[in-house]
Amino acid sequence: MEWKNIYRGFLIGISDLIPGVSGGTIAFILGIYDRLLTAISGFFSKDWKKHIGFLLPLAIGIGLTLLLFSRVIDFLLKNYHQPTQFFFLGLIIGVIPFISKQAGMKKNFKFGHYILLLIVGAALASTAFMSPADSTVITSLSMKNVLGLFFAGWLGSMAMLLPGVSGSFILLLLGVYSTAINALSTLNLPIIIVIGSGVIVGFIVSSKIIRFLLENYTYATFACIIGLIIGSVFVIYPGIPESGTPFVMSVIALITGLIVANIFNSASPSK
């Protein structure tokens, strides 16, 4: 068992609680993105024991974080929204040079790759102008909302694996985010199980697709990933903070995020 993955799961779990912040980006920052895709897509293969040794501690870290910190993140976003967003903004900006280096961007990217990067980045950035769907909190299950919550979890988990795309933001757009946070905060197990089932299925399917694309269309896929990460900067940018304490806190949070990203990038194995 790779028990150090518990702290990695902790960091990914926190990011997955925040709309606009991608767990996939955090996995890239931690240097485990490729391994994560391999482990999830190979979970039902003959090497399942090796993969479960990687995934189980990661899942424990993510699960504990979702259960224990859903209220903390909710508190921070309500009371310190801008500094919290600026911290993650620093993390995201800090990972761009690392991923560019991994992709060999200067050497391997052609003109078409840069065009693809811009198109994908602009498409994601445009979601910043989308209005979330009505978010009535669901506390009990019916056949209709079981299917809706399951597929919302599926779509959210596919987004979680894509760097730059936030699973929480997808849930927000679908009007399910409040339901998910409420279920975690109140330990509403039926709701958690339905959304969680969709998340698991989405992880397995999307990991195979992303891995296939990375293996067969490496640089085009990296162009999309970098575009998604750049686009996510516009999604989570909370605006210019007020002068005084909010401004100072936001600047400190941004710099801290950049430093943390640089520390993890330096410790991550080069591709």
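The values are calculated or read from the model by the stated rules, or taken from the named source; none is laboratory data. All of these numbers come straight from a predicted model, not from anything done at the bench. Neighbour counts run over all protein chains shown; Cβ positions are idealised from the backbone, glycine included. What goes into the accessible areas is simple: the full protein's heavy atoms, side chains included, and nothing from ligands, DNA or RNA. Shrake-Rupley method; radii C 1.70, N 1.55, O 1.52, S 1.80 Å.
Of the DSSP H helices in the chain, those with a Cα length along their own long axis of 30 Å or more and a mean Kyte-Doolittle hydropathy reaching 1.0 comprise 48-79, 189-216, 245-267.
For the chain, the Cβ-based charge dipole about the Cα centre amounts to some 720 debye (Lys, Arg positive; Asp, Glu negative; other atoms uncharged). A helix-only calculation puts the chain at -25500 deg cm²/dmol for mean residue ellipticity at 222 nm, using -39500 (n - 2.57) for each DSSP H run of at least four residues, averaged over all residues. State whether region 120-245 is rounded, prolate or oblate according to the following rule on the C-alpha gyration tensor (a ≥ b ≥ c being the square roots of its eigenvalues): a/c under 1.5 gives rounded; otherwise a/b larger than b/c gives prolate, and the remaining case gives oblate. Because a/c hits 1.5 or more and a/b fails to exceed b/c, region 120-245 counts as oblate. Farthest toward the dipole's positive end in the chain, which of Phe234, Ile181, Ile26, given Cβ charges of +1 (Lys, Arg) and -1 (Asp, Glu) about the Cα centre? Comparing the listed Cα positions along the dipole, Ile26 ranks first.
Probe radius 1.4 Å, ligands and nucleic acids ignored: give me the carbon and sulfur share of the accessible area of region 7-78 as a rounded percent. Here it works out to 70 percent.
The residues of region 10-164 expose on average 50 square angstrom of accessible surface per residue, using a 1.4 Å probe on protein heavy atoms. The count of lysine pairs in the chain whose Cα atoms are under 28 Å apart, excluding pairs fewer than 8 places apart on the same chain, comes to 22. A Cβ-based charge dipole, computed about the Cα centre of region 63-190 with Lys and Arg at +1 and Asp and Glu at -1, lands at about 460 debye.
Between region 183-223 and region 13-70, how far is it from one alpha carbon centroid to the other, in angstrom? Taking the Cα centre of region 13-70 as reference, the centre of region 183-223 is 10 Å away. On the principal axes of its alpha-carbon atoms, the chain has extents of 58, 54, 35 Å, going from largest to smallest.
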